[in-house]
1. Taking segment 291-330, which residues are assigned to a helix (DSSP H, G or I) and farther than 24 Å from residue 240 by Cβ?
2. Take the residues of segment 67-85 that are closer than 20 Å to residue 34 by Cβ and in a strand (DSSP E or B): which is farthest from the chain's Cα centre (by Cα)?
3. State whether the residues of segment 262-275 include one that is among the small types (Gly, Ala, Ser), within 22 Å of the chain's Cα centre (by Cα), exposed (fewer than 15 other Cβ atoms within 10 Å of the Cβ) and not in a loop (DSSP other than H, G, I, E, B).
4. Could you say which residue among 308, 301, 252 is farther than 30 Å from residue 338 by Cα and in contact (Cβ under 8 Å) with a residue 40 or more places away in the chain?
5. If residue 221 satisfies all but one of (1) over 22 Å from the mean Cα position of the chain (by Cα); (2) at pLDDT 95 or above, what's the number of the condition it fails?
6. Write out, first by first residue and then by second, each pair whose Cβ atoms fall under 8 Å of each other, whose residues are 6+ apart or on separate chains, and whose first residue, in segment 332-345, is within 13 Å of residue 315 (Cβ to Cβ) while the second is in a helix (DSSP H, G or I).
7. How many of the residues making up segment 215-227 are in a loop (DSSP other than H, G, I, E, B) and either open to solvent by 60 Å² or more (accessible area, probe 1.4 Å) or within 15 Å of residue 294 (Cα to Cα) (or both)?
8. Mind counting the residues in segment 128-166 that are touching a Ser or Thr at 6+ places or on another chain (Cβ under 9 Å) and not polar (S, T, N, Q)?
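The values are calculated or read from the model by the stated rules, or taken from the named source; none is laboratory data. Only a predicted model underlies this, so the values are computations on that prediction, with no experimental measurement involved. Glycine gets a Cβ as well: all are built from the backbone with ideal geometry, and neighbour counts include every protein chain shown. The protein model used for the area step is the full one, side chains on, heavy atoms only, and it has no ligands, DNA or RNA in it. Shrake-Rupley method; radii C 1.70, N 1.55, O 1.52, S 1.80 Å.
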Amino acid sequence: MRKLNFEDDNSFLEPLLFSYFNSKKENLFPKETLKEILQGYFLVKERIKVKYSFNKNDIAFIPEVGYFKKGENTPYESILKEGDFEIVKEIHPTQEKYFVEFYKGHIENQTPEQNSVWEAYSKEVFKAIEIIKKQLPDFYKELTFANKKIYLHDNPKILNFTSVETLGMLYFYVIGSSNLVYFIEELIHQGSHNYLYYVLHNRKDYFKIDVDNLVMRDFSKQQWDYRSIYGAFHGLFTVTQRVECFDKLLIKNVFSGREKHELIGRLIDQFSRFRTGLELLNFNEVYTEKGIAFYNQLDKKCESILKKYSKFKSEFDLSNRDLDFRYDDFCKLNPFEDFLKKDQNNYYQF
């Protein structure tokens, strides 16, 4: 008897399927793990069996069912889902290897500590999703097409990431107490990575060379640039997505006060992330015609929107920003009180 509904895409887009099958080459998990992952999707419900799905915390996440502690037969935590998204409370062992502390091209810690913080921040994430759904409906379609689940943890050295090997999952570190605008940026940023994995799935449609394995510095002659060409293209796409979405939020006056201050700071931050090397490549060597057209579309759109905000670029000091924009650091050099005085005089109207 058929156990799965073959017409239901949700079961086959389960992120744990991607992480399970991508772990096969390392033979880390027995084949029985696959059945454990899928049992919540079975048409005829069976007694839940868990043996191989326990993570480092001895907790097993079974999709569509819940979370089990080792030695217990009933879930101790339920699934947390609102609308189109689910907050994952504990990661599955097939996902653990993707958590590394990474800094400027180097892995500094292969097995870092991290703890789930879903209880403290899930409501704010869902609020951020609702704002995107209401204010950015076109982007929201892309977001929901490629993204299903979100995991929140407490280690800021594990930079936010996605992976085609866990397609559909978003992983965010969380620090501080007010993270609404941060969550909006990361849903746009990381969610766009997952979306682009689909768009660029057939590399040969866009690229003439092996962009996954060729390094930018060998083509741009910028010795600092450790990125793959594919990774750099992802950078252009996600910067353009953020710039376009931030622009719409500012035009609509969605935010005021500190949230507006932070959003403008995050938009100004994109100036330094735009045109960081791809523009130096020999386009005819790297891209197909379709790839050149896609690059030009992104580059021109990003340039056009940033030009609108160019007069504000010199007003904000982001010299203390390392890899990620952090609002507390931004406020040290760009006091909210100074911004508020100008904003009350309608200086920041877009």
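1. 328, 329 - these are the residues of segment 291-330 that are assigned to a helix (DSSP H, G or I) and farther than 24 Å from residue 240 by Cβ.
2. Among residues in segment 67-85 that are closer than 20 Å to residue 34 by Cβ and in a strand (DSSP E or B), the one farthest from the chain's Cα centre (by Cα) is 68.
3. Yes, segment 262-275 has at least one match.
4. On inspection, the qualifying residue turns out to be 301.
5. Only one criterion in (1) over 22 Å from the mean Cα position of the chain (by Cα); (2) at pLDDT 95 or above is unmet by residue 221, namely (2).
6. Going by the 8 Å Cβ cut-off, the qualifying pairs are 334/261; 334/265; 339/261; 339/264; 343/260; 343/261.
7. Residues in segment 215-227 being in a loop (DSSP other than H, G, I, E, B) and either open to solvent by 60 Å² or more (accessible area, probe 1.4 Å) or within 15 Å of residue 294 (Cα to Cα) (or both): 4 in total.
8. 11
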